[in-house]
Amino acid sequence: MCGLAGIVSFSRPVDTRQVVAMAAAIRHRGPDASGLFEDGPAVIAAHRLAITDPHGVGAQPFASADGRLQLAYNGEVYNHRELRTALEARGHRFRTGTDTEMVVAAYREWGEQCVERFEGMWAFALWDRDRNSLFCSRDRFGIKPFYYHVDADRFAFASEIKAFRPLIDFRVRAEILRDFLEYTLVQHRAETFVEGICSLAPAHVLTFSPGGLKLARYWKLGLREAPADPVEAVRERFFHSVGSHVARDVPQGFCLSGGLDSSSIVCAAHALDPGAEQHSFTASFPDQGIEERLFAQPVVDKVGARPHWISFSSAELVEELPKIVHAQDEPFIGTSIAAEWFVMKKAAEAGRKVMLDGQGADELLGGYRPLIGFHFADLLAAGRLRALGREMTAFRRLQGASAANLAALTLRPFLTVGEEQWLRARGVRRAGLLHGDLRRLPARFDRQVSPFPDRLRKRLHLLTERLPHLLHTCDRSSMAHGIETRVPYLDHPLVETIFSIGGSGLVEGGQQKMVMRRALGDLLPDEVLHRRCKLSFPTPEGRFFREELGAMAEDIYASRSFRERGWINPRACRERLAAHRGGALNAGYELWRVLNAELWARAFLDGVSDPAPAPSVPAVRAGAGRRQRQAAPPPLNPAAPARPPTFGESSSI
């Protein structure tokens, strides 16, 4: 893993000091080595966290033997050995065993289409001296981050938003802030919370040259023919994915929640290599009825893992919160991110450099409880009333759902995305939390475009498009501690296989994720295989707001900066907090978003110093510096910075 930063300008010299300052802000992403490359219009920096071939031979930016190509690369291409063999057969010779060098050779051989052959996670910027252009790419699901800023005469990029501080003044993008506060939407567009900074959408490539900036999409999740034996196909591909994601060169660990998803990864890894030492990390709050240990312990016992149990108090959260906010770059929707943070902190203390995580499984397999309603709706729309009755009865028996709840679950999928978001925001509107201009902004809802015929897979497709939020928080929490997180469920052939299966393969007998239960049933403990309740990095958020976190929120809601910012109604917030602390309602979810937005504003807009700043590290020059004067290029299309595409679109800017 790495942290990337750079500037390309064809009309004026790049200030190398700015790039060094950008890279210093993300030093935590690559504590093992640093490098800087300068060549005419391009200055590129990288910090490396050495995972594959960790003995220094993969230093970055990585130069081709002839000096034509310079690559700053953050990621892992898991099929790099197969691609390396194919490239060697075409005459390429390699100096290292890294996938970084393979990416350079693949670009030389196949051009910009090389990314279509990659399986894995990546974000990279590749300077091509001969073409006088910068080629950038992000993996299919947005596992690895890539941000950019473009103005009249330069293009800047980095792995994290905070790296752009040396370049631009940070101002909030009001529409994104309102989407977060009212509709709980984050990382749902290429636009970020900061004006002028965009995120390269998943499955996209970007080219910057004297001709301007162009974006293109290289992969889409589409409708494919289902395999003859879906269970066996999923099992085979899942084992392949876990096997490729397991770290071989550095100590690794597993995020273990005690649910089906993370337990399947742990058990599959053990089946592939029974002698390997396994470290599991579980967040659990037994005194609050959130006892993941009850389900994680049978997995630990089955594979002989060394368990690490993590818990934290409201006071510990308050103490750590400034670091979490700084690391995350943008506001986040709940304190479950804090659980993820403390898990990664513990993993770093235990010497882990790679963590395997079950992120993405709920979106692929329909694991969230409301999603079963989309299967009910498909049965209702198809007139399969007997099957609907059987599924509802089974679900009611397993989950204790009331008749009213079953009706709501079934009817909800008939709403449009906009109607559903409007209903979701009722609590914020009724409480009058939003203030002034934010409240008056017009609502905007993207039209869902999906190739799938049934409602369940359409919704899962939408959730997959919005995976960047979960992946964003996972990346920031792990990289802040010098750890690479890997997500085996987001192996794109596995995703394509799962999406080829209809709703009846995912839901049966009132149970969700049936294809995985059948595929891994022989490996999982019964306690996990037949578990009914679902938790995901759970935290006692409501209790926290009745303790130290609530006291912190009370002070912030009464502060001058909160009042003068003009985003949120301070009186409504204080009333909501008082009602929550008094037990009249449970508003922890809303209170958190308001609190988090203000903490983020103080750190990123007001410039409140980070309590744990990244150390400044001298850059090491990885390539020969060469200043060259360029003719003035054609002006960039003025529409470029105005509205980047929403995720799912292709565009040429």
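Values quoted throughout were computed directly from the atomic coordinates according to the rules given, and no laboratory measurement underlies them. Computed from a predicted model, the values in this text were never measured in an experiment. In this analysis, Cβ positions are derived from the backbone assuming ideal geometry, glycine residues included, and neighbour counts consider all displayed protein chains.
Couple of notes before you dig in:
- Burial order of peptide ranges 338-349, 87-98 (average beta-carbon count within 10 Å, highest first): 338-349, 87-98
- Amide H contacts of Arg138 (H built 1.01 Å from N, under 5 Å, at least 5 apart or other chain): Ala203, His204
- Sites Asp273 and Arg384, calculated FRET efficiency, Cβ-Cβ separation with R0 45 Å, nearest 0.05: 0.55
- Residues Tyr78, Tyr368, arranged from fewest to most other Cβ atoms within 10 angstrom of their Cβ, appear as Tyr368, Tyr78.
- Charge context of Met392, other residues only, Cβ under 15 angstrom, K/R +1, D/E -1: +4
- At full extension, Glu236 and Ala65 could sit 57.7 nm farther apart than now, given 0.36 nm per residue minus the alpha carbon distance.
- Relative packing of 552-564, 254-266, which averages over residues the other C-beta atoms within 10 Å, highest first: 254-266, 552-564
- Reachable lysines, given that their alpha-carbon falls under 22 Å from the alpha-carbon of Lys353 and they are not under 8 places away in the same chain: Lys144, Lys323, Lys345
- Placed amide H near Leu356: partners under 5 Å, 5+ positions off or other chain: Gly253, Phe254, Cys255, Arg486
- Taking Cβ atoms as reference points and 12 Å as the exclusive limit, the residues near Thr473 contribute a net charge of -4, counting Lys and Arg as +1 and Asp and Glu as -1.
- Mean-position separation - Cα centroids, the stretch 28-102 and the stretch 548-597, in angstrom: 47 Å
- Radius 12 Å from Cβ of Ala65, net charge of other residues (Lys, Arg +1; Asp, Glu -1): +2
- Listed by Cβ neighbour count within 10 Å, with the fewest neighbours leading, Asp362, Asp526, Asp273 appear as Asp526, Asp273, Asp362.
- Over the stretch 2-217, relative contact order from alpha-carbon pairs under 8 Å, at least 6 apart, %: 20 percent
- Sorted by Cβ neighbour density within 10 Å, fewest at the top, the residues Asp491, Asp357: Asp491, Asp357
- Hits among aspartates and glutamates - C-alpha to C-alpha of Lys220 under 19 Å, sequence gap 8 or more where chains match: Glu112, Glu116, Glu119, Asp139, Glu363, Asp446, Asp454, Glu465, Asp491, Glu496, Glu649
- Burial order of peptide ranges 233-239, 313-319 (average beta-carbon count within 10 Å, highest first): 233-239, 313-319
- When only alpha carbons are used to place a centre, the stretch 181-245 and the stretch 270-316 end up 30 Å from one another.
- One decimal place: the segment Leu398-Glu109 gains 98.6 nm when fully extended, by the rule 0.36 nm per residue minus the C-alpha distance.
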